[in-house]
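Let me begin by presenting the structure, written as structure tokens, before commenting on it.
FYI, it's all coordinate maths here, none of it is from the lab. Because the structure is predicted, anything quoted here is derived from the model rather than measured. All Cβ positions, even for glycine, are placed from backbone atoms using ideal geometry, and neighbour counts span all protein chains on display.
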Amino acid sequence: MTYVLILVGCVFVNNVVLSQFMGICAFLGVSKQLKSSAGMGAAVIFVMICATAITYPLYKLLEHFEMTYLKTIAFILVIAMFVQLVEIIMKKKMHALYKALGVYLPLITTNCAVLGVTLGNINNDYTFLQSLTNALGTGLAFTLALLLFSGVRSRIEDNDFPQAFKGVPATLIAAAIVSVSFMGFAGMM
Amino acid sequence: MNGERTALYDFTKGIIKENPVLVTLLGMCPTLAVTVLAVNGIGMGLATTFVLVCSNLVISVLKNVIPKAVRLPCFIVIIAGFVTFIDFMLKGYLPGLHSALGVFLQLITVNCIILGRAEAFASRNNVGRSLLDGLGMGIGFTLALFTMGSVREILGLGSWMGLKIPYLCDNPMTIFIMPAGGFFVLGCLIALVNKIAKRKPPKEISCENCPNAAGCSGQCKA
């Protein structure tokens, strides 16, 4: 039951993009088309789960040696290295998957949602399985926000806005409205 | 404008002309997340300024030592070191602010502004210039966050820097301190800057402003 709660909480109630403001850069950058949104979302889910699977034991190790103050440095190094490693392996061995995700992989190192999830798992005292669930939920939430928003964006693209609002301001205001719609889920928990 | 850039220009460009949040659209996550109160905006801005100045300084000193192929991980480690430092300083001396900023204090590590300046400026310029650039960008970031925080606090809570404003505090528009209000206020502020500067709005976040451009070399738009 806890796992279901964590999952639903991540995807709907505390959506990582629309109510926690993580990964806004990627959200605004690649949500222009449905195809790139799906690619980015899939890459983020994959990296989040793997990064959690590595950083959780790593934190236990740091805890054992009483060096938990190193967690930010250690986690970001792991994420940066992992992303590079996955890119190299996929390029050699899994070419189809590389073609689908490849372009979005390097962008993920600086996506604050990934570091945010790994740090959040520690701050919330989740167990290993709960951490993995949290990572999956957050990844799904990110993908959902991107997919929904790419639809909204394709609609606002052709509309006649005042000159000053064209481009990013209009996108942000549309994001505000999508975010209002997610506030409705707050009553669920 | 042509010819040699002056040191003064390096310092002031970050404050208005190339304001990281309102003009080049970097570092949006902390801008939206922590600006519920004006004082949080200042705290986040100053913490980021500290990390930005220190990392610009160190990266500019080490720019000839760091191999080009692994420069991004190197930059990130340097930045993460300073973030850990400021995290502990705030925890020790300003625990209230530390808990208000929450995980976003640690997420300064992946703030696009810092990595962006390291890549675009500090790794190509001398130490003095990099210091001024970091300071200017940091002040610009702090000012933008302070403005955002002020608007949201005045409209959403009816107070400013903790002081109650008559009438407004009886009927606050709570939506402004909710996530939706953050998106809305930032959109309006950017539109206002566009209007004042009479700038042709950028169609989208272009690759030159994107901190990840080094990784994807423009292919993300394909």
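Ranking B:Pro20, A:Cys50, A:Phe161 by how far each Cα lies toward the positive end of the dipole of the protein assembly as shown (charges on Cβ) leaves A:Phe161 at the top.
Against the main long axis of the alpha-carbon atoms of chain A, helix A:168-183 sits at an angle near 70°. Under a model in which nothing but the beta-carbon of Lys, Arg (+1) and Asp, Glu (-1) is charged, chain A shows a dipole of about 540 debye around its Cα centre. Averaged over peptide B:173-183, the number of partner chain Cβ atoms lying within 10 Å of each residue's Cβ comes to 5. Shown in residue order for the stretch B:162-177 are the 3J(HN,Hα) couplings computed by the Karplus curve 6.51 cos²θ - 1.76 cosθ + 1.60 at θ = phi - 60°: x, 8, 6, 9, x, 6, 4, 6, 7, 10, x, 8, 4, 4, 6, 9 Hz (x for Gly and Pro). Against the longest alpha carbon principal axis of chain A, how many degrees, from 0 to 90 and to the nearest 10, is the axis of helix A:71-93 turned? In chain A, helix A:71-93 runs at an angle near 80 degrees to the longest axis. Taking Cα atoms only, the orientation of helix B:179-197 departs from the longest principal axis of chain B by about 70 degrees.
When only the Cβ of Lys, Arg, Asp and Glu is charged (+1, +1, -1, -1), the dipole of the protein assembly as shown relative to its Cα centre reaches about 1020 debye. Ordering of B:82-89, B:146-153, A:160-167 by packing is B:146-153, B:82-89, A:160-167, highest average first (other Cβ atoms within 10 Å, averaged per residue).
The mean number of partner chain beta-carbon atoms within 10 angstrom of a residue's beta-carbon across peptide A:181-187 is 1.
Under the criterion of Cα pairs below 8 Å and six or more residues apart, the relative contact order for chain B equals 32 percent.
Peptides A:174-185, B:156-167, A:70-81, ordered by how many other C-beta atoms sit within 10 Å of their residues on average, highest first, read A:70-81, A:174-185, B:156-167. Classify the protein assembly as shown from the C-alpha gyration tensor, please: rounded if a/c falls under 1.5, else prolate or oblate depending on whether a/b exceeds b/c. Since a/c stays below 1.5, the shape of the protein assembly as shown is classed as rounded. Take every pair of alpha-carbon atoms less than 8 Å apart whose residues are at least six positions apart; their mean separation over the length of the stretch A:31-178 yields a relative contact order of 42 percent. Which residues does a label at A:Lys93 reach in the stretch A:132-169, if reach means a backbone N under 14 Å from a point 7 Å past the Cα toward the Cβ? Nothing falls inside the zone, counting backbone N under 14 Å. Residues whose amide H lies under 5 Å from that of B:Trp160, counting only those 5 or more places away or on a different chain, are B:Ile165; hydrogens are built 1.01 Å from N in the peptide plane.
Peptide B:188-195 has a mean of 6 when you count, residue by residue, the C-beta atoms of other protein chains within 10 Å of its C-beta.
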